[in-house]
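Take a look at the structure set out below.
The values are calculated or read from the model by the stated rules, or taken from the named source; none is laboratory data. Remember, predicted model here, so these are calculated numbers, not experimental data. Counting neighbours? That spans all protein chains shown, and the Cβs are built from the backbone with ideal geometry, glycine included. For accessibility, only protein heavy atoms count, side chains too; no ligands or nucleic acids. Shrake-Rupley method; radii C 1.70, N 1.55, O 1.52, S 1.80 Å.
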Amino acid sequence: MSDKTFEKVAGNGLISRRHLLRFGASGAGLALSAGALGADQGLSFQIPTWSRQPGPGATAYGARSPFADNLQRLAAQPNPTYPGGGSSRSPLQHLQGTITPNSLHFERHHAGVPNIDPSQHMLVINGLVRQPLAFRYEDLLKYQMVSRIHFLECSGNSGALLRGEIGGSAQSLHGLVSCAEWTGVPLSTLLDEAGVLPEAAWVAAVGADAASMGRSIPLTKALDDVMVALYQNGEAVRPGQGYPMRLFCPGWEGNVSVKWLTQIKVTKEPAQFRDETSKYTDTLQDRSSYQFTFPMGTKSLITSPSGQMTLNQPGIYQVTGIAWSGRGSIRQVEVSADGGKTWAEAAIQGHQLDRALTRFTIPWEWDGGDAILQSRATDSRGNLQPTRDEVIASRGTLSFYHNPCIQSWQVDQTGEISNVYV
Amino acid sequence: MFKKFFWSAFLLLLAFGPLAVNSQESVRLGIPVTQEDLLDFDLIAPPDGSGFPTGSGTAQEGKQVYDINCAVCHGASGEGTSGNTVIVGGDMQSEGPPLRTVGSYWPYASTLFDFIRRAMPATAPKSLTNEQVYQVTAYVLFMNDIVEEDTQINGDSIREIEMPNANGFIDRSHIQ
């Protein structure tokens, strides 16, 4: 490949996104050295056995191909002092598009996953309302619902980069973000039915897990776009995501989207739960601490090529990744192959929805030398994803929630890719 | 006469018809409940002292409850058995990264009662009586030198407790 063939738009081999269509038409051949014929590559053109006999018929519940069943979430080791607590991370480097399969959506639990019989579960709304109400699951299914595609991100996601952890993959460092179509009843509908009193300013949401995990949410948000989600990607919300119902607060730190939702108490002040005082708060360098940091930042991540992958040989690769913002849609994603010295605009693949994962891609020619791949997102409000140095300059390294910083993947001359700090 | 009725009905339909079709007014399936119904259900115990049950407890009484139910993870003196289980000590102004515990970091004493009642002990949440939760709350505060050994902790007194890091937080909830 020569510079004459492909228009280079930034340093160290980034190719104009306008060439994407050409690559799409001519396929992977461009990534290989010229002259490799099919037979030389071990291709067989015999009719395969699966084309000679009927396979098994339709099944009641689908399963993955045995040739593609190795994708797993990465679950933390059990901690005896924290029974059921911990998280599992989505395999971002192996996913495509923007919707996370339900079985691979990240999880974060504070006392394990309760096994809830929906006929025995209730959502209670009480506190500063005209009439406290209890809603049965079967009754909530009768309400008019809304469907929205949104990301969900744990505020502890990417905290490893502020701790300066060595190594890691897209999954281990950033796998606490996922995206799904959530369907449910607007919380405002249920609050209106109970009749919110004028002095109300907050709601306290509580789950039915063993920790009865609670979070306080400003009433303005609760009445705006928060929903009681009953479905995820078309099926009932999975137990690990809050079956039979969870709160869903678009764009905000995942912890406020309380799972196994069983109570909404309308209040004047925040409840000051453990998980909004002791946890999910960020201590700054001067030892004061941010509390109630709700919208997640403007963020992007190259998912391929990424940490712990290896490039086989020099050639053209599709750099791809995900971008998201808790404050709007993604306007633009730029990619650098020289550690942030020069940047090229990536193409957006698919939709650019409000507070949803957005897929970006750009072709890159690896010349076999050292490279540092980075991406940075700009959202619809003009917020630009910060560098790690900028994040540290503004808040220090005493806490690790709410980190949106740029990830750097180093490609060495053997093609090995690793997490680095530049 | 009939014509007049017809036109009235038509106008009524024009005025309210679309509303009836689109609104949620017909689906109101919440079942009315009373605060008394929720006495054992609503565990929220906020800083203003509302939601706290009757009863009280002291650190003296709490030591035994703590030793039996809490020490296995949090250590005999709250020193912890792993990073997240340390509940005593620490100093937000220390030179290195501060050790954040109930004593050094938590802004409200109410959170202690609220959290112990809903989530502790981790292997058997909600197994303590309200009285025992008051006692353990008092004991953890005592181990952090925040109350005396015989201070009665209850829904009234807990409001008055000034935690060392009470003014250490910056509320960012207006950024939405």
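Numbers for the structure displayed
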quantity: Rounded to 5, percent antiparallel among DSSP beta bridges of the protein assembly as shown; calculated: 90 percent
quantity: Student exercise, chain B dipole from Lys, Arg, Asp, Glu Cβ charges, in Debye to nearest 20; calculated: 1380 debye
quantity: Evaluated over the stretch A:159-275, the Cα radius of gyration and Dmax, each in Å; calculated: 15.8, 52
quantity: Label zone at A:N79 (point 7 Å along Cα-to-Cβ), backbone N below 15 Å, the stretch B:121-140; calculated: B:122-123
quantity: Surface accessible to a 1.4 Å probe, B:D40 within the full protein complex, Å²; calculated: 140 Å²
quantity: The stretch A:42-82: C-alpha gyration tensor shape, a/c 1.5 cut-off, then a/b vs b/c; calculated: oblate
quantity: Rounded accessible area of A:T59 (nearest 10 Å², 1.4 Å probe); calculated: 100 Å²
quantity: Using θ = phi - 60° and Karplus 6.51 cos²θ - 1.76 cosθ + 1.60, couplings along the stretch B:91-107 (whole Hz; Gly, Pro as x); calculated: 8, 5, 9, 5, 5, x, x, x, 7, 9, 10, 3, x, 8, 10, 5, x
quantity: Debye log10 I(q)/I(0) at q = 0.17 Å⁻¹ for the stretch A:325-422, Cα point scatterers; calculated: -0.85
quantity: Calculated P(r) tail over 48 Å for the protein assembly as shown, as whole % of Cα pairs; calculated: 22 percent
quantity: Kirkwood hydrodynamic radius of the stretch A:37-154, from inverse mean 1/r over distinct Cα pairs, in Å; calculated: 20.3 Å
quantity: FRET efficiency, A:Q120 to A:S188 (Cβ-Cβ, R0 22 Å, nearest 0.05); calculated: 0.25
quantity: Quotient of Cα Rg and 2.2 N^0.38 Å for chain B, N being how many residues it contains; calculated: 1.65
quantity: Inter-part distance where the stretch B:103-163 and the stretch A:347-395 are each reduced to a Cα centre, Å; calculated: 45 Å
quantity: Residue (of A:P198, A:C249, A:P78) at the positive-pole extreme of chain A, dipole from beta-carbon charges; calculated: A:P198
quantity: Cα centroid of the stretch A:174-204 to Cα centroid of the stretch A:93-129, whole Å; calculated: 14 Å
quantity: Ranked by how many other beta carbons lie within 10 Å on average, peptides B:83-91, B:103-111 from highest; calculated: B:103-111, B:83-91
quantity: Charged-residue dipole, Cβ positions (Lys, Arg, Asp, Glu), chain A about Cα centre, Debye nearest 20; calculated: 380 debye
quantity: Unit charges on C-beta of K, R, D, E only; dipole of the stretch A:58-210, Debye; calculated: 300 debye
quantity: Estimated FRET transfer efficiency (A:D139, A:Q318; beta-carbon r; R0 56 Å; 0.05); calculated: 0.70
quantity: The stretch B:89-130: mean projected area of Cα convex hull, nm²; calculated: 3.6 nm²
quantity: Inter-chain Cβ neighbour average for residues A:180-192, partner chain, 10 Å; calculated: 1
quantity: 10 Å Cβ neighbours from other chains, averaged over peptide A:131-141; calculated: 4
quantity: Cross-link pairs beyond the 30 Å C-alpha cut-off, checked among A:K279/A:K341; A:K265/B:K126; A:K142/A:K299; A:K8/A:K299; A:K299/A:K341; A:K142/A:K259; calculated: A:K279/A:K341; A:K142/A:K299
quantity: Partner chain coverage, peptide B:161-172 - average Cβ within 10 angstrom; calculated: 4
quantity: Mean projection area, nm², convex hull over Cα of the stretch A:74-224; calculated: 11.3 nm²
quantity: Rounded to whole Å, sorted largest first: equivalent-ellipsoid semi-axes of the stretch B:58-137, Cα gyration tensor; calculated: 22, 13, 11
